[in-house]
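Quick notes on the structure that follows.
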Amino acid sequence: MSAPSIPKGTRDFTPVEMARRNYIFDTIRSVFMLYGYQPIETPAMENLSTLMGKYGEEGDKLLFKVLNSGDFLAGTDEKSLLARDSNKLLKHVSEKGLRYDLTVPFARFVVQHRNDIVFPFKRYQIQPVWRADRPQKGRYREFYQCDVDVVGSNSLIYEAEMARIAEDIFQRLGISVIIKLNNRKILAGIAEVIGEAGRITDITVAIDKLEKIGLAAVNDELRQKGLSDEAVTNLQPILKLQGSNQQKLEKLTAILEHSETGLKGIEEMKTVFSYLDALKLTAEVQLDLTLARGLNYYTGAIIEIKARDIQMGSISGGGRYDDLTGIFGMPGVSGVGISFGADRIYDVMHELSLFPESTTQTTRVMVANFGGEAELAGLSFLYRLQKAQISSEMYPEPAKMKKQFTYADQKKIPFIVIIGSEELSTGQYQVKNMVTGEQQKYSPAEIVAKLLGLNI
RNA sequence: GUGAUCGUAGCUCAGUCGGUUAGAGCGUCAGAUUGUGGAUCUGAAGGUCGCGGGUUCGAGCCCCGUCUUUCACCCCA
């Protein structure tokens, strides 16, 4: 039999890793709750009809599809079978898929539960998502997203709240970040004024690469996508836009003076900046026009967060979506949210050594096992410790002391209680502090009291 | 999806031009120490060289396929 394995891009997590992951999850969760968000969960699988077409063409390809159970070929027609036409075959053999993000399932959830929800609805959701991507640095096929969203309000206060939450979380985790902001309306306005209103996606995807491949290559790509030379020329001042956020907004106001949408986007951006000011944001916030984000449901603000001092994709991203619920038959409900990539945050913290040493929580007390009557007394005392809410365990057999102590040492258990024949006769148990090496005798009641008081 | 790349003991890695029985450090286990961990010393166990096929008298090493890892593109948390 060959060694067992797990699918490409998936991972096991050891107790040490889980302690660190939980540290991240706990931090994120407590901030979400602090800002008044409530948890929900949705199934790992959604109907394919819920997922398809929400993430762009590329997203559809990256969806994991689940084969129908039973005789999955029953509903297929011979023509597409013989033609090996996977696309046509798909809808007959698969009707479910693994969730690709948490935002679309959330929109579905809101529509389905609209009568039970108080709007504006503030929810958080921490669950894994799956993408059939090729794994690479910071990219997995199964990873956790931690989403906060609020639906049922157009208030730009929530845009600012997303940034506020992000800063709060990353401050607590000790990660220094840059918050990048943009607005789809500004992007739409740009497309409008250069005379290519229908090409927002191509334009944004191309200018998103500005930093990576440079101005010339972006222009080449734009022409290749079919933009006129004139449009590309008109785009240049926008691509070359520099200065402070305010200066950029002023220049943009002039450039977009004939685009109503564009001006609205600028107005929104200014309002968000004023809110951020009031919320005392201290992280660097950049107006970044190259920030586009491929997910095609965003309509207003776009937010993305990158860690400083490290080469890693964005560790958090989100934005405003005006009509995601409309796709599911509930129009006119606007939402805004942000997603934190727990696995990338882990990788950043690991590489920058930001985890506190004490994330691993283990047993606090081990009761040594001497067998016979001593074993029974040990068990009784063990239960007494556990009733007092002290995390404790007993060594399972009367092995050599060396072995029992080595076990406690390796598990970093800070205390050992020794109950042997001598202790049984005096009623005074030995307590060894594994950090200092000190050892003293106490009555059982004293031990419990001491451990509760020590709080180590 | 396209193009590269990696895989040898639990971990990190050596392994010459294709040549006998594949090595080291760390870790593990046992003992030195029969009621006391970390340090030291002694010893031991541990391998289908990712998997499958091929070339060869002979393959860890060469060739093909496959899986996995890492990386770039695409896209993204």
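Overview of values
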read-out	value
Candidates A:GLU41, A:GLU46, A:GLU58, A:GLU78 - the one that is closer than 30 Å to A:ALA163 by Cβ, among the acidic types (Asp, Glu) and at pLDDT below 90	A:GLU58
Hits in segment A:49-68 - residues which are assigned to a helix (DSSP H, G or I), surrounded by 18 or more Cβ atoms within 10 Å (Cβ to Cβ) and either among the aliphatic types (A, V, I, L, M) or on the phi > 0 side of the Ramachandran plot (or both)	A:LEU51
Residues (among the acidic types (Asp, Glu) and touching a Pro at 6+ places or on another chain (Cβ under 6 Å)) located in segment A:27-65	A:GLU46
Matching residues, segment A:301-318, being in a loop (DSSP other than H, G, I, E, B) and either polar (S, T, N, Q) or free of Cβ contacts under 8 Å to residues at least 60 places away in the same chain (or both)	A:ILE310, A:GLN311, A:SER314
Test: residue in segment A:322-333 that is closer than 20 Å to A:PHE273 by Cβ and either in contact with a helix residue (DSSP H, G or I) (Cβ under 7 Å, 6 or more places away or on another chain) or β-branched (Val, Ile, Thr) (or both)	no
Single residue of segment A:278-297 satisfying the filter (modelled with pLDDT of 90 or more and in contact with a Lys or Arg (Cβ under 9 Å, 6 or more places away or on another chain)) that is surrounded by the most Cβ atoms within 10 Å (Cβ to Cβ)	A:LEU287
Close pairs from segment A:43-61: first farther than 12 Å from A:LEU98 by Cβ and outside the structural domain of A:LEU324 (by TED's automatic domain parsing), partner β-branched (Val, Ile, Thr) and assigned to a helix (DSSP H, G or I), Cβ under 7 Å, at least 6 apart	A:LYS54/A:VAL104
Whichever residue in segment A:195-204 is within 16 Å of A:GLU221 (Cα to Cα) and touching a residue at least 24 places away in the same chain (Cβ under 8 Å) and, among such residues, is surrounded by the most Cβ atoms within 10 Å (Cβ to Cβ)	A:ILE203
Among residues of segment A:119-136, those that are in a strand (DSSP E or B), more than 10 Å from RNA strand B (Cβ to nearest atom) and hydrophobic (A, V, I, L, M, F, W, C), counted	2
Positions within segment A:96-116 being away from RNA strand B (no atom under 16 Å from the Cβ), modelled with pLDDT of 95 or more and outside any helix (DSSP H, G or I), in sequence order	A:HIS113
Residue within segment A:95-104 that is surrounded by fewer than 19 Cβ atoms within 10 Å (Cβ to Cβ) and more than 27 Å from A:THR201 (Cβ to Cβ) present	yes
Filtered residue count, segment A:1-46, keeping only those that are out of contact with any Phe, Trp or Tyr (no Cβ under 8 Å at 6 or more places or on another chain), surrounded by fewer than 16 Cβ atoms within 10 Å (Cβ to Cβ) and of a type in the set (S, T, N, Q)	5
Candidate set: segment A:286-343, residues that are among the basic types (Lys, Arg) and more than 20 Å from A:GLN171 (Cβ to Cβ); chosen: the one farthest from RNA strand B (Cβ to nearest atom)	A:ARG320
Test for A:LEU102: is it closer than 22 Å to A:ASN154 by Cβ and either out of contact with any helix residue (DSSP H, G or I) (no Cβ under 7 Å at 6 or more places or on another chain) or not assigned by TED's automatic domain parsing to the domain that holds A:ASP133 (or both)	yes
Among the candidates A:GLY318, A:GLY378, residue that is touching a strand residue (DSSP E or B) at 6+ places or on another chain (Cβ under 7 Å) and at pLDDT 95 or above	A:GLY378
Output for segment A:373-423, where each listed residue is under 20 Å from A:VAL435 (Cα atoms), among the hydroxyl-bearing types (Ser, Thr, Tyr) and more than 9 Å from RNA strand B (Cβ to nearest atom)	A:SER391, A:SER392, A:TYR395
Residue that is surrounded by the fewest Cβ atoms within 10 Å (Cβ to Cβ) [pool: residues in segment A:396-437 that are under 13 Å from A:ALA374 (Cβ atoms) and touching a residue at least 40 places away in the same chain (Cβ under 8 Å)]	A:SER421
Test: residue in segment A:352-372 that is over 45 Å from the mean Cα position of the chain (by Cα), farther than 30 Å from A:ILE310 by Cα and more than 8 Å from RNA strand B (Cβ to nearest atom)	yes
Residues (under 24 Å from the mean Cα position of the chain (by Cα) and not in a helix (DSSP H, G or I)) located in segment A:252-279	A:LEU279
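The values are calculated or read from the model by the stated rules, or taken from the named source; none is laboratory data. Note that this is a predicted model, so its numbers are computed, not measured. Note: ideal-geometry Cβ built from the backbone for every residue, glycine included; neighbour counts use all protein chains shown.
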